[in-house]
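Structure first, then comments.
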Amino acid sequence: MKRNMVRSYKELRTIIGMIGILLPFALLIGNWGFMPSISQYYYTDMRNLFVGALCAVSMFMFVYVGYDKIDSITTAIIGLFALGVAFFPCEGWTRTYHLLSAVIVFASFGYLSFFRFTKHGPQITQRKVYRNLIYRTCGALILLSLVAVIVYFLSGKNIPEFIYWAEVVMLEAFGFSWLIKGGSILGDK
């Protein structure tokens, strides 16, 4: 029974990772083109995929139990604000709520990867050392990309697809770190 629960838990992490990795490209292919940001796909025929993926990640995050209370609080925050990204469109009166929700979600992704996924017990394997390096790299990519998006917004510049590609970097790093966390990549033998 315990073995099946561990397997299911790892599969949950893998599913979260796959959603993060596949979402930007599924939206791009399904829409037959780029939008200025991933959130802009809300206004296309890909709306259901966009909202559905965010709801799935949200629900996974709500049920995810980490190693301690901080992990559980962080994933609950992601779950709550992922719903904000999904249900507060990025244009009109909901724009501020959408942007705030997105910043909190991406910042929390980076925090988990950089600080929480790197936790370990008294014994650390060589593979865990490699995983920690990857987690920190993913966390740094997420946080640096988020800072780049904030600076971009404040600059008032208009660079086509800048936000889209920054979000792709963040989602790929998020997804990759969850695939590793799920043991799909670099698991201990």
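The values are calculated or read from the model by the stated rules, or taken from the named source; none is laboratory data. Here the structure is a predicted model, which means the values were calculated and not measured. Neighbour counts run over all protein chains shown; Cβ positions are idealised from the backbone, glycine included.
Just to be sure, is Phe153 under 25 Å from Phe62 (Cβ atoms), assigned to a helix (DSSP H, G or I) and either over 11 Å from the mean Cα position of the chain (by Cα) or at pLDDT 95 or above (or both)?
no
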Exception for Thr94 within (1) hydroxyl-bearing (Ser, Thr, Tyr); (2) modelled with pLDDT under 95; (3) within 27 Å of Asn158 (Cβ to Cβ); (4) buried (at least 16 other Cβ atoms within 10 Å of the Cβ) falls at (4)
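If the requirement is being aliphatic (A, V, I, L, M) and either assigned to a loop (DSSP other than H, G, I, E, B) or in contact with an Asp or Glu (Cβ under 7 Å, 6 or more places away or on another chain) (or both), which of these qualifies: Ile142, Ile159?
Answer to the selection: Ile159.
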All but one of (1) among the β-branched types (Val, Ile, Thr); (2) surrounded by fewer than 16 Cβ atoms within 10 Å (Cβ to Cβ); (3) not in a loop (DSSP other than H, G, I, E, B) hold for Ile16, so report the exception by its number. (2)
Count - residues of segment 45-56 that are more than 13 Å from Ala26 (Cα to Cα) and in contact with a Leu (Cβ under 9 Å, 6 or more places away or on another chain): 2
